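Participant: This is the structure, below, for whatever I ask next.
The values are calculated or read from the model by the stated rules, or taken from the named source; none is laboratory data. Quantities reported herein were computed from a predicted structural model and do not represent experimental measurements. Here the Cβ positions follow ideal geometry from the backbone for every residue, glycine too, while neighbour counts run over all protein chains shown.
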Amino acid sequence: MEIELISKEQHKTILNIQKNHDILTYQNKGYDSFDKSKMTDEDKEAFKEVETILGKHIKGFSSFQNLRHSKKTNEIELRFQYNYNHNGGLTFIGVGYILLNELLNGFNVCI
């Protein structure tokens, strides 16, 4: 996955969205998703704002799905769809996950 790091302000924006729009934080099981028909107009705007940020910072980004708490660390994580072959070749859209803090600071590397 190729990313361009987000700014501290964008990080704060996503954190505020997560805190103020409960419907967008969803602990999916497998391929399920939250019921978007229950979103308010404000939730829809917040959803679009996260989608816009991700679209500018993740190469091959396709669509935002939801925020959730990481199963391993309980940190805020983003679930989205993106093209794994964004550099060329056949299009393959699949799910991706990234910790919000990794979008700000870069990937955690274990050696």
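Participant: Conditions first: (1) within 24 Å of Glu9 (Cβ to Cβ); (2) touching a Gly at 6+ places or on another chain (Cβ under 8 Å). Gln81 passes all but one, so which condition is the exception?
Facilitator: (1)
Participant: Looking at the range 34-69, which of its residues are more than 17 Å from Lys12 (Cβ to Cβ), hydrophobic (A, V, I, L, M, F, W, C) and assigned to a strand (DSSP E or B)?
Facilitator: Ile58, Phe61, Phe64 - these are the residues of the range 34-69 that are more than 17 Å from Lys12 (Cβ to Cβ), hydrophobic (A, V, I, L, M, F, W, C) and assigned to a strand (DSSP E or B).
Participant: Is at least one residue of the range 72-93 among the acidic types (Asp, Glu) and under 22 Å from Leu5 (Cα atoms)?
Facilitator: Checking the range 72-93: at least one residue is among the acidic types (Asp, Glu) and under 22 Å from Leu5 (Cα atoms).
Participant: Please give the number of the condition Ile76 fails out of (1) out of contact with any strand residue (DSSP E or B) (no Cβ under 9 Å at 6 or more places or on another chain); (2) among the β-branched types (Val, Ile, Thr); (3) touching a residue at least 40 places away in the same chain (Cβ under 8 Å).
Facilitator: For Ile76, the failing item is (1).
Participant: Moving on to the next point. Only one residue in Ile53, Ile17, Ile6 is in contact with a His (Cβ under 8 Å, 6 or more places away or on another chain), among the aliphatic types (A, V, I, L, M) and at pLDDT 95 or above, so which one is that?
Facilitator: Ile6
Participant: Suppose we filter the range 38-58 for residues that are surrounded by 12 or more Cβ atoms within 10 Å (Cβ to Cβ) and either touching a strand residue (DSSP E or B) at 6+ places or on another chain (Cβ under 7 Å) or among the polar types (S, T, N, Q) (or both); how many remain?
Facilitator: Total satisfying the criteria: 8.
Participant: Step by step: first the residues of the range 60-104, then only those that are crowded, with 17+ Cβ neighbours inside 10 Å and among the hydroxyl-bearing types (Ser, Thr, Tyr), then the one that is farthest from Phe47 (Cα to Cα). Which residue is that?
Facilitator: That would be Tyr82.
Participant: Could you tell me whether any residue of the range 24-43 is farther than 20 Å from Gly96 by Cα, free of Cβ contacts under 8 Å to residues at least 40 places away in the same chain and either in contact with a Cys (Cβ under 6 Å, 6 or more places away or on another chain) or small (Gly, Ala, Ser) (or both)?
Facilitator: The answer is yes; a qualifying residue exists.
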